[in-house]
Every structure is written in structure tokens, then in C-alpha cells.
Amino acid sequence: MITFKDVSHDWGTFRLRDVSFTVDEGEYFVILGPTGAGKTLILETIAGFYTPNSGEILLRGKECSDVMPEQRNVGFVYQDYALFPHMTVEENIRFGLEIREIPEQEADKRVESLLEMLNIVGLRGRYPRNLSGGEQQRAAIARALVIEPDILLLDEPLSALDTRTREALREELKRIHRAQGTTTVHVTHDQTEALLLADRVAVIIDGEMAQIGSPQEVFNTPSSVMVADFLGVDNVIKGNIIENVDGVACVEFNGYRLYATSTLSSGEVYAFLRPENIILSKASIETSARNVLKSTVENVTQLGGIYQIHLDTGLSAVVTHQSVEELELKPGTEIYASFKATAIHLIKH
Amino acid sequence: MSITRRRYPLSIIFSVIGSVLLLFTVFTLLNMVARQILFDFGGLIDAATDSFVLESIGLTLYASLLSTIFTVLFGTPLAYVLARHDFRGKSLIEAVVDVPIIIPHSVAGIALYVLLMSRSPLGSVFANIGIVFEDHLAGIVAAMAFVSASLYINAARDGFQSVDPRLERVARTLGANQWEAFSRVTMPLAVKSLLSGAILSWARGISEFGAVVIIAFYPMIAPVLIYYRFTTMGLKGSQPIAVMLIIICLTVFLLLRLYSERWRRN
């Protein structure tokens, strides 16, 4: 449906470098990247407001640099909704139908069904200034969907909302996508959104495509330190592979040894280990975990409802308040950190 | 318990100092109107029934209206371009727009006269198609437009700038071409600024004297007539017309403002 081929563009404040990706028909594609990294500009390029300096963009298999935005049939939802302030909710939704001269009966049908779908029937006569953020966002989504776009572009659609509204609308987006099957490109800096909504995730950092894959792939096996860093994989360990026996590599780091499932058999590597995959215990327990490291607690940090435990091995784990009390976790406590060989993801340095 | 807003000493001091200028304006005008009404009401009646005076005031309002229409037609696209696009030389163009504000208006009048008089190359072209500027309505309109256009252009530019360009982009994705996005989204949202810019420009046209008097002494617009009567008949001959002009202008502007306020709210 959408293909970027080595697309580069310089906006002055932000540069896209040789970005290539393909979004399949009906796919929910999430572009994940740090805030302020020009993700909006990528969407505006798909919508036709910029022609890249180099590279090609194909829509439905056709090169589209000559196609005006109004001919692309894309729906666009901006972060702060961009509803027309001089029109009511219904007039906003109707705008695209009027411009396209959709017959009135058909138009009425579409408007009603979207008002219902997004639960805003009661708001149809209201002006945007009298709506909450969540309500405005629903109206903006309805306005984008009413034209039955080939592609729906969502620019950080949930980030200006409070937590509860965000969760509700996230579910809504999922439901709508299931119902409509519209090819969707959603840009965000929020990993949860990517994890919960995406069929595939593309991580863009510093204008470059850093990794692309299913959410599980990207989150469990980041392809570089940069991606791991951005995704908040706290434990990034640099080490050397000593040997590989039956698909289990032995990695030496900081004088410790750990075992990781990998096809790599030698050389310098980075090992990624998500803190939630580390189990802490008072005694060395017998488990299926291949790695058990005797450690000392260096530091305990409270992060909302959970606690982050920094160990002298350089690793950090997250645990609940109850575990902190039961294990008497405080600086100086001796503790065993266990984790499976499969929890570690190795990449070549 | 009622909540009283705290008053800060500095705000009070500033308000007192600031009111000096306000009083200066209000008192100057009120004084003239009051003196006229109290001490020479008959003169005011005479002026109000003098067809020459009435025609002159009518001409002033009409010429300035034409000048405003001209300015709106050509100034709106310019204002939009200045609001929406960045390009080399933009600040130069913005400076050019503001030039008429800073040059003496008699200078503007002379410049216009030199450009548009029938003996000049451009003036003769216009004369051939029947448009003569010196001592004609066209000259008055040209002079008024020259001095008042910047007020409209700046107001319109600010108005367009206050409309989020993303609204236009959304309209485009919904199928609107550039003109439809402009006319159905940007224009309606900027119209209040355009309207107040037009009113301002109209008012400025009516008040113009220096540029007009050089290119078109006749037919006499009200400010020229007032000056003429002042130099030939003194205060007694000029003040009643001045008072009339003030009353008419203030009434018209007040009505326009109220009307545009109400129209905007609906």
C-alpha cells in the first residue's frame, strides 16, 4: 500500500536518511521514535505535503510525487486534532463529503454510522471549543474516516490525552481498525501504544530506520544498542563470547559469565536483558534458569508502583513493593539474580 | 464571603499615567464638539444644510470606500502569501508594505502626482482610457489607497497567521483543493481580522489630507474643504464641518464595530 524507497529529505530541523519500508494493505503500522524527531513530517510526506529530496514513495504501487494531497485519499488525524473551529462536530465530519460531492443520502448514512461508532452522537451540534480532548479526538477520527480513506494517518493521536481517556481511545482505535481494516500508519513515542496496536513497528531514531518488525521482535530482540536504549531495555551488557555449545553461548562480562541462546559463537557482543525477566531470591534456588548471579544490592529506586533494584553486577531488576519487604532489599543486601538463557538477546558488537 | 481582587500599587500608578493620553484624545475632540454646540449651534446647522459640505463629506466616505475595496482585492492575496510562506526578500517586502506609514504624506502625494499626472508616461496611458487622476475621484482614491493599504495588509496578515496551517492541510486531505481550503477554512477563520483591517483602512482613507490635497485639490474631500475654509474663513467657517465629520465618522465606526462583533459571534 505504501512503499518508501531510500527516502531522504532535509527539513532543516530534521532529516530523514535513506528510509525504506513497506506498509501492507490493511496493516496497522506504528512508527516509533523519540519526541520531536520529525515523525509528523513523515506522515505529512505520505499525505503529499512534501516531495522528498531523493528516493521514491509509492502509493498502491505507483510513484506519487505528482499526486496532490487532495487526490491521495488519506485520512489525517493530528496530535491536537485540528478540528475546524468554526464548524460543529457534524459539520467537521461532513466537510470531506461535501467537498467530494457525495450524494446526501449516502453522506447522511456515513455520518450517522461514524457518529455512532465513535460514540459522539450527542455531540454533533457542539463546537470544538466546547469539547474535551478525548471528544475532540473522536470527532477528528470520525472526520478522517468518513471519506473512507485508503490510508489513515495518525499523528500521536493519544499523547495529548489523560491516562484514562488514552486507554479508552487506544481500545477504540484497535476496535475501529478491526472493523474497518483501513491501512493505518500511526506515529508515536509511546511504546505501549506500539506494543498494543501495531501489526508491525518501525523504530526511527535520528532520521534513520533503526529496526522494523513485529512488536515482539522489536521489544524482545532490539537490533542495536540505540533501539534497546530507546525502548528502555535497562540491561545492556557488553561482553565476549567464549564458546557456543548446542546453541547456548557463554558470554563473559565484568568477570561474570552468563549463558544466552544464540547462534553467535565468538566475538564481542551486546547482551540485552529486560529487567522484568530477572528473578531475585535470597538463596540460590534450583530453577530452569541457566543464569544465577550472586550480587549485592547497590541502590533501590521507587518508580510509581514498582521498584528498580540496581545490582553491583551492573544489572537492574524490577520488583513489587511486597518483594522489597520480603527480600529486605536495601543497599548492601546480598541477593541471587536468576534469569533464563532465552531471556537474553545477543547482537554482534 | 466575597472575593476581592487585590489591587497592586504599580497597576494603579500605571493606570493614572496611562490615562493622560486617553484624556488628551477625548478632551481635544470633546472640547471642540462641545464648544461648537454650546456657542455656535447655528453654524453647525448651517453646515449640515450646506449641500456643498454634505457632498464633500459624501465624496470622502465614498472615495475611501473605493480605496478600501481596491486594497482588499489586492491586499488579501499579498497578506496571505506573507503569512504562509517564507522566502528570500520577505522582510524587504514587509518593509515596503510599511513604507507609507513612515513617509510624510505630502511626499506621498507628490510622488503619486509625478507618477500619475496626465503628462507622465503612465498617466497618459490611463488618460487614453479615460482615467484621469489629477483633480479627479481616481486621484483621491489612489492617494487614499497608498496611505492606508499597509493597515489592511498587516491586519490581514496577522489574521491569516493566526489560523493554524494544519487546518488547511487537513482540509486538503479531505479532498479540498487549495482554493477550497482557503475559502472554506482559512478565510472564515481570518475574516474578523480582515474586517477590522478594512474598517481601519477605510477610516485612514477618510482622514487623509496631505496626499490627497496635492493630487486632487478638487473635487474637495472633507479634510481639504476644512483646510480651505480654515485658511479663508477661519475657525468659524471650518470648525462646524470638522465637528460634523467627527460625529458622522464616529457614528459609522461605532455601528460597524458593533455589527461586526455581533456578526462574528453568530
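Could you name every one of the strands (runs of 3 or more DSSP E) located completely within the range A:26-111 that has at least 1 residues being out of contact with any Phe, Trp or Tyr (no Cβ under 6 Å at 6 or more places or on another chain) and within 14 Å of chain B (Cβ to nearest Cβ)?
Details: elements: A:28-32, A:54-59, A:74-77.
Result: A:54-59, A:74-77.
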Of the conditions (1) assigned to a loop (DSSP other than H, G, I, E, B); (2) buried (at least 16 other Cβ atoms within 10 Å of the Cβ); (3) at pLDDT below 95, the single one that A:Glu148 does not satisfy is (2)
The helices (runs of 4 or more DSSP H) lying entirely within the range B:109-223 that contain at least 1 residues which are within 14 Å of chain A (Cβ to nearest Cβ) and in contact (Cβ under 8 Å) with a residue 24 or more places away in the chain are B:137-161, B:165-173, B:187-206
Scanning the range A:184-213 residue by residue, those surrounded by 22 or more Cβ atoms within 10 Å (Cβ to Cβ) and hydroxyl-bearing (Ser, Thr, Tyr) turn out to be A:Thr184, A:Thr188
By residue number, the members of the range A:167-183 that are without any contact (Cβ under 8 Å) to a residue 12 or more places away in the chain and either of a type in the set (Lys, Arg) or surrounded by 19 or more Cβ atoms within 10 Å (Cβ to Cβ) (or both) are A:Arg175, A:Arg178
* State yes or no: is A:Ile141 within 28 Å of A:Gly26 (Cβ to Cβ) and crowded, with 23+ Cβ neighbours inside 10 Å? => yes
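Being of a type in the set (A, V, I, L, M, F, W, C) and surrounded by fewer than 16 Cβ atoms within 10 Å (Cβ to Cβ) is the filter; apply it to the range A:214-235 and report the residue that is nearest to A:Ile344 (Cα to Cα).
First pass over the range A:214-235, keeping only residues of a type in the set (A, V, I, L, M, F, W, C): A:218-219, A:225-228, A:230-231, A:233.
Those left that are additionally surrounded by fewer than 16 Cβ atoms within 10 Å (Cβ to Cβ): A:225-226.
Values: A:Val225: 14, A:Met226: 17 Å.
Among those that are of a type in the set (A, V, I, L, M, F, W, C) and surrounded by fewer than 16 Cβ atoms within 10 Å (Cβ to Cβ), it is A:Val225.
Give me the strands (runs of 3 or more DSSP E) completely within the range A:239-309, filtered to those with at least 3 residues that are surrounded by 12 or more Cβ atoms within 10 Å (Cβ to Cβ) and either assigned by TED's automatic domain parsing to the domain that holds A:Asn220 or of a type outside the set (A, V, I, L, M, F, W, C) (or both), ordered by residue number.
Working: elements: A:248-253, A:256-261, A:267-273, A:279-281, A:291-303.
Once the strands (runs of 3 or more DSSP E) in the range A:239-309 are filtered for at least 3 residues that are surrounded by 12 or more Cβ atoms within 10 Å (Cβ to Cβ) and either assigned by TED's automatic domain parsing to the domain that holds A:Asn220 or of a type outside the set (A, V, I, L, M, F, W, C) (or both), what remains is A:256-261, A:291-303.
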Taking the range B:119-137 and keeping residues hydroxyl-bearing (Ser, Thr, Tyr) and surrounded by fewer than 14 Cβ atoms within 10 Å (Cβ to Cβ) leaves B:Ser124
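The values are calculated or read from the model by the stated rules, or taken from the named source; none is laboratory data. None of the values given here were measured: they were computed from a predicted structure. Counting neighbours? That spans all protein chains shown, and the Cβs are built from the backbone with ideal geometry, glycine included.
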